[in-house]
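Enquirer: Can you read through this structure? Questions will come right after.
The values are calculated or read from the model by the stated rules, or taken from the named source; none is laboratory data. Bear in mind that the values here come from a model prediction, so they are computed numbers and not experimental data. Counting neighbours? That spans all protein chains shown, and the Cβs are built from the backbone with ideal geometry, glycine included.
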Amino acid sequence: MAKTSSNVMISDFKEWLKGNGNLTPNSANSYISYLGVSYNNDLSLFSTDNVYNYMDVIGQFYQAGDILYAVTVINNIIERINNLGTPLLKALNDQRSALKKLRVFLHSIKNNVVDRTYLSKKNINNPTSSTLDDIRDSFSKGSLDKIDGVRVLIDILGEETFIKLVIENSYFFDKKIVDDQRNDIFKKLGKQPIPARKTTKTQSGNPGVGVNTKIGNLDIYQINGCNIPVKLDGDGNEQVRKLIKSKTGYTISEGNCIFKNYIISHIWGKAYDPRYFTNFWNIVIVPAWANSLLDKNSDDEDSIEYKLKETFKKICVKLYGLDNPQFSEEWDDMASRMGATSNEKITSNISKHPTYQISVIHEKNNGAGLWYGSSQVGRIILQNI
């Protein structure tokens, strides 16, 4: 365990916490104290490791204006702590929380590396003892922190306001549309072809993921020794677009479409699985600028990706009754048809969320079965949830 020197970064971080950290003064002081040491021994870091005494390394990058590498080191240390598994030393758990908060602070600052003297052991003219360039060289480009354009908007609005903005500018589907499609998939699964995306090379062979094959002229999703007839989608969302247009009249992601700069998002993903691909409880039309966050799978409960996706899941569970016994029975039945040895539940990992006013798309009828003209679209009704 190595103590860090008092530095500009910690001082600036402390000031930031007062106005932006959403913490009490005592909690803010605790976060600062958690960053006072580098747990080299606990993380199996030796003096030959480039991130040895990592808190000093992060501070040096901060003072050099190199926020990209400061956060990259933080990501590396958080990953090292995560890899220790559980149970975890309280001190390391506390520091991990503080590092995540420090990362939020650093993401609010722009890179500004003015002096680029080559600070390396290889440079005989290195005017300092710093070896920041050796540390830079130790990270591959793929491991560097990402410069994310959406993060700018999150920093300006704050996470809660950003999530509210995304949710309230997305479009969900009326429960009748959801139930009708759910029932159709339930009746056909294993008997008639159901639309699905083709599995990719990186997906095939992963636990819980089947493979695409053919039996005669029939496309098959093969999983757990079961052959499930499927209709492979032409471009990744063609069948979903057709269903949306057929039931509601709205068009998206095609020609002169009604929804501009919106994306079809599968909230639970798994579009290669015929149970998920065209089930409307798994589909939300989201603003294009937010979709990249939903495409990422994150287990980090402090990340915006995790919070946003779990909020969408919670709304869908509540809106469509995905936690009721009938849905669970149907889901277990379909899982058994696909040879599942364990039942996967459609749930959310958050217990509550604020009240949102969401937009719900209805069928193109009057609600009593009377269809509108063929050129009309379904009603969009605001609903608090």
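Enquirer: Name the residues in segment 339-385 that are in contact with a strand residue (DSSP E or B) (Cβ under 7 Å, 6 or more places away or on another chain), part of a loop (DSSP other than H, G, I, E, B) and more than 25 Å from ASN297 (Cα to Cα), would you?
Expert: Matches in segment 339-385: GLY339, HIS362, LYS364, TYR372, GLY378.
Enquirer: For segment 45-87: of the residues being assigned to a loop (DSSP other than H, G, I, E, B) and small (Gly, Ala, Ser), which is nearest to LYS101 (Cα to Cα)?
Expert: Result: GLY65.
Enquirer: Among (1) over 19 Å from ASN82 (Cβ atoms); (2) touching a residue at least 60 places away in the same chain (Cβ under 8 Å); (3) out of contact with any Ser or Thr (no Cβ under 7 Å at 6 or more places or on another chain), which single condition is VAL286 missing?
Expert: (3)
Enquirer: Going through segment 90-110 one residue at a time, which ones are closer than 19 Å to MET9 by Cα and surrounded by fewer than 13 Cβ atoms within 10 Å (Cβ to Cβ)?
Expert: Matches in segment 90-110: LYS110 only.
Enquirer: Under 8 Å between Cβ atoms, at least 6 apart or on separate chains: pull out the pairs that start in segment 339-351 with a residue that is surrounded by 11 or more Cβ atoms within 10 Å (Cβ to Cβ) and end on any residue that is at pLDDT below 80.
Expert: GLU344/GLY208
Enquirer: For the condition closer than 21 Å to PRO287 by Cβ, surrounded by fewer than 12 Cβ atoms within 10 Å (Cβ to Cβ) and among the aliphatic types (A, V, I, L, M), what is the one hit in LEU382, LEU370?
Expert: Of LEU382, LEU370, the one residue that is closer than 21 Å to PRO287 by Cβ, surrounded by fewer than 12 Cβ atoms within 10 Å (Cβ to Cβ) and among the aliphatic types (A, V, I, L, M) is LEU382.
Enquirer: In segment 118-176, which residues are of a type in the set (A, V, I, L, M), modelled with pLDDT under 85 and surrounded by 14 or more Cβ atoms within 10 Å (Cβ to Cβ)?
Expert: Scanning segment 118-176 gives a single hit, LEU119.
Enquirer: Answer yes if at least one residue in segment 140-157 is of a type in the set (S, T, N, Q) and touching a helix residue (DSSP H, G or I) at 6+ places or on another chain (Cβ under 8 Å), and no otherwise.
Expert: Yes, the conditions are met somewhere in segment 140-157.
Enquirer: Only one residue in LYS214, LYS187, LYS175, LYS141 is within 30 Å of VAL377 (Cβ to Cβ), free of Cβ contacts under 8 Å to residues at least 12 places away in the same chain and more than 19 Å from the chain's Cα centre (by Cα), so which one is that?
Expert: Sole residue among the options that is within 30 Å of VAL377 (Cβ to Cβ), free of Cβ contacts under 8 Å to residues at least 12 places away in the same chain and more than 19 Å from the chain's Cα centre (by Cα): LYS187.
Enquirer: Can you report the number of residues in segment 274-294 which are outside any helix (DSSP H, G or I) and over 19 Å from ILE346 (Cβ atoms)?
Expert: 2
Enquirer: Then there's this: Identify, please: which residue in segment 350-377 is among the hydrophobic types (A, V, I, L, M, F, W, C) and over 25 Å from CYS257 (Cβ atoms) and is, among those, modelled with the lowest pLDDT?
Expert: Selected residue: ALA368.
Enquirer: Let me ask something else about it. Of the conditions (1) in contact with a Gly (Cβ under 6 Å, 6 or more places away or on another chain); (2) in the same structural domain as ASN282 (by TED's automatic domain parsing); (3) surrounded by fewer than 14 Cβ atoms within 10 Å (Cβ to Cβ), GLY225 satisfies every one except a single condition; which number is it?
Expert: Here GLY225 meets the rest and fails (2).
Enquirer: Further question on the same structure: For segment 258-270, which positions are assigned to a strand (DSSP E or B) and of a type in the set (A, V, I, L, M)?
Expert: ILE263, ILE264
Enquirer: If LYS260 meets every condition in (1) surrounded by 13 or more Cβ atoms within 10 Å (Cβ to Cβ); (2) in the same structural domain as ILE315 (by TED's automatic domain parsing); (3) at pLDDT 95 or above apart from one, which number is that one?
Expert: (1)
Enquirer: Quick one: would you say LYS164 is in the same structural domain as THR278 (by TED's automatic domain parsing) and out of contact with any strand residue (DSSP E or B) (no Cβ under 8 Å at 6 or more places or on another chain)?
Expert: So LYS164 fits the description; yes.
Enquirer: Can TYR39 be described as surrounded by 20 or more Cβ atoms within 10 Å (Cβ to Cβ) and more than 23 Å from the chain's Cα centre (by Cα)?
Expert: So TYR39 does not fit the description; no.
Table: residues versus (1) surrounded by fewer than 21 Cβ atoms within 10 Å (Cβ to Cβ); (2) assigned to a strand (DSSP E or B); (3) touching a Leu at 6+ places or on another chain (Cβ under 7 Å).
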| residue | (1), (2), (3) |
| --- | --- |
| VAL230 | no, yes, no |
| ASP235 | yes, no, no |
| VAL240 | no, no, no |
| LYS245 | yes, no, no |
| TYR272 | no, no, no |
